[in-house]
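Heads up: the structure comes next, in structure tokens.
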């Protein structure tokens, strides 16, 4: 694909970098309307004896169960006794199925939970950005990624707490934000974005380092907040610090860039693909302007958006990560004020 700059709507500017092959009018246009969504009020059901902290991430597994990651330590002291476990699994009705997580004897647990991903084999991957912007007294940086079974049994740790030597360190992460498993290659992609500024790839079974880019290896990143790989082998990275999305080949070769403007400084924070085989739509949760952007992946144009800043159902406040299920419904995770997971049903 190759594109040029095109203004797509007032207040939003699309900047796509690549070889120009024609005018904006000649770009591939969607041949079908993008989906619309409506809020599923009351989803999910949180046990009444529990409270959630900042809900940082959300994922959907192969059975359409929805996994939520939150930060129990962000709950006020007077409510700590009611803190839910950090990892929660819900069914499609929003009923709680399992819950687990927290420190263990054989692994480090994040000081500040950040990203969750469930691969097609049912393994649950957890990352954290503890130490950002600086470690709290008595704590260490979250310089690792964890792999568990769906029932919370520890499988693998890549990296170690407080061990990072920086962007050239291929044994440790440094406050990673997100992760994704490319099943076809058995590779784990990590958005190593709070302490480092790179995408790094490991063997998803052994944890062996494979390759990395960013921070001097190709286009420089700011804060890499999310990473996802499409079925056709395109790696999408949300560079929240530079208000843009970049995409690459799986070896790190740069393919293009999209810069977004909005009323507040835009912060592309998370990705999800539509569930069709071609993954036609790319969903981007943009936290500063409290909205979800729908992009046509063929043209990388913004074709629809929804959302507003509100505590009411359907509104958003610092939406952080996003996921989709096999029916095309969307799920968002919100930190700071709203501290919740929401489901948006496709119409």
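The values are calculated or read from the model by the stated rules, or taken from the named source; none is laboratory data. Treat the numbers as computed from the prediction; the structure is a model and nothing was measured. Neighbour counts run over all protein chains shown; Cβ positions are idealised from the backbone, glycine included.
The set of residues in segment 269-306 being at positive phi, crowded, with 18+ Cβ neighbours inside 10 Å and under 18 Å from the mean Cα position of the chain (by Cα) consists of 290 alone. Within segment 310-322, the set of residues being surrounded by fewer than 20 Cβ atoms within 10 Å (Cβ to Cβ), in contact with a strand residue (DSSP E or B) (Cβ under 8 Å, 6 or more places away or on another chain) and at pLDDT 95 or above comprises 310, 313, 314, 315. Within segment 224-243, the set of residues being in a strand (DSSP E or B) and modelled with pLDDT under 95 is empty.
Take the residues in segment 122-134 that are surrounded by fewer than 23 Cβ atoms within 10 Å (Cβ to Cβ) and either in contact (Cβ under 8 Å) with a residue 60 or more places away in the chain or within 17 Å of the chain's Cα centre (by Cα) (or both); name whichever of them is nearest to residue 179 (Cα to Cα).
So the first thing to find is which residues in segment 122-134 are surrounded by fewer than 23 Cβ atoms within 10 Å (Cβ to Cβ), and the list is 122-123, 132-134.
Subsequent filtering for residues that are either in contact (Cβ under 8 Å) with a residue 60 or more places away in the chain or within 17 Å of the chain's Cα centre (by Cα) (or both) retains 122-123, 132.
Details: 122: 14, 123: 12, 132: 18 Å.
Top of the filtered list is 123.
Of everything listed in (1) without any contact (Cβ under 8 Å) to a residue 60 or more places away in the chain; (2) on the phi < 0 side of the Ramachandran plot; (3) buried (at least 18 other Cβ atoms within 10 Å of the Cβ), the single unmet condition for residue 325 is (1). In the set 293, 282, only one residue is outside any loop (DSSP other than H, G, I, E, B), at pLDDT 95 or above and more than 22 Å from residue 127 (Cβ to Cβ); that residue is 293. Out of contact with any helix residue (DSSP H, G or I) (no Cβ under 9 Å at 6 or more places or on another chain), surrounded by fewer than 21 Cβ atoms within 10 Å (Cβ to Cβ) and part of a strand (DSSP E or B): does that describe residue 147? No: the conditions fail for residue 147.
Conditions (1) assigned to a loop (DSSP other than H, G, I, E, B); (2) surrounded by fewer than 24 Cβ atoms within 10 Å (Cβ to Cβ); (3) out of contact with any strand residue (DSSP E or B) (no Cβ under 7 Å at 6 or more places or on another chain), marked per residue:
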position: 161; (1), (2), (3): yes, yes, no
position: 170; (1), (2), (3): yes, yes, no
position: 176; (1), (2), (3): yes, no, no
position: 212; (1), (2), (3): no, yes, no
position: 222; (1), (2), (3): yes, yes, no
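What residue, among those in segment 261-279 that are part of a loop (DSSP other than H, G, I, E, B) and touching a strand residue (DSSP E or B) at 6+ places or on another chain (Cβ under 8 Å), is modelled with the lowest pLDDT? Lay out the reasoning, then the answer.
Applying the first criterion (part of a loop (DSSP other than H, G, I, E, B)) to segment 261-279 yields 261-267, 274-279.
Still in the list and also touching a strand residue (DSSP E or B) at 6+ places or on another chain (Cβ under 8 Å): 261-262, 266-267, 274-275, 279.
Values: 261: 83, 262: 86, 266: 92, 267: 94, 274: 98, 275: 97, 279: 98.
Residue satisfying both the conditions and the ranking: 261.
Does segment 336-344 include one or more residues that are at pLDDT 95 or above and under 18 Å from residue 178 (Cβ atoms)? Lay out the reasoning, then the answer.
Within segment 336-344, the subset at pLDDT 95 or above is 338-344.
Now drop any that are not under 18 Å from residue 178 (Cβ atoms), which leaves 341.
Scanning segment 336-344, I find at least one residue that is at pLDDT 95 or above and under 18 Å from residue 178 (Cβ atoms), so the answer is yes.
Of the residues screened, residue 258 is not one that is crowded, with 19+ Cβ neighbours inside 10 Å, in contact with a helix residue (DSSP H, G or I) (Cβ under 7 Å, 6 or more places away or on another chain) and more than 17 Å from residue 184 (Cα to Cα).
Being closer than 25 Å to residue 87 by Cα and surrounded by fewer than 18 Cβ atoms within 10 Å (Cβ to Cβ): is that true of residue 155 here?
Numbers: closer than 25 Å to residue 87 by Cα: yes; surrounded by fewer than 18 Cβ atoms within 10 Å (Cβ to Cβ): yes.
Taking the combined requirement at face value, the residue satisfies it.
Residue 33 - would you say it is assigned to a strand (DSSP E or B), closer than 28 Å to residue 344 by Cα and modelled with pLDDT of 50 or more? So residue 33 does not fit the description; no. Out of curiosity, is residue 190 assigned to a strand (DSSP E or B), touching a strand residue (DSSP E or B) at 6+ places or on another chain (Cβ under 9 Å) and surrounded by fewer than 23 Cβ atoms within 10 Å (Cβ to Cβ)? So residue 190 fails the test. When the strands (runs of 3 or more DSSP E) confined to segment 92-140 are screened for residues that are under 20 Å from residue 194 (Cβ atoms), those reaching at least 1 such residues are found at 113-118, 124-128. Criterion first (touching a strand residue (DSSP E or B) at 6+ places or on another chain (Cβ under 8 Å), farther than 23 Å from residue 223 by Cα and surrounded by 21 or more Cβ atoms within 10 Å (Cβ to Cβ)) does residue 341 satisfy it? When the stated conditions are applied, residue 341 passes them. The single condition among (1) at pLDDT below 95; (2) loosely packed, with under 15 Cβ neighbours inside 10 Å; (3) not in a helix (DSSP H, G or I) that residue 85 does not satisfy is (1).
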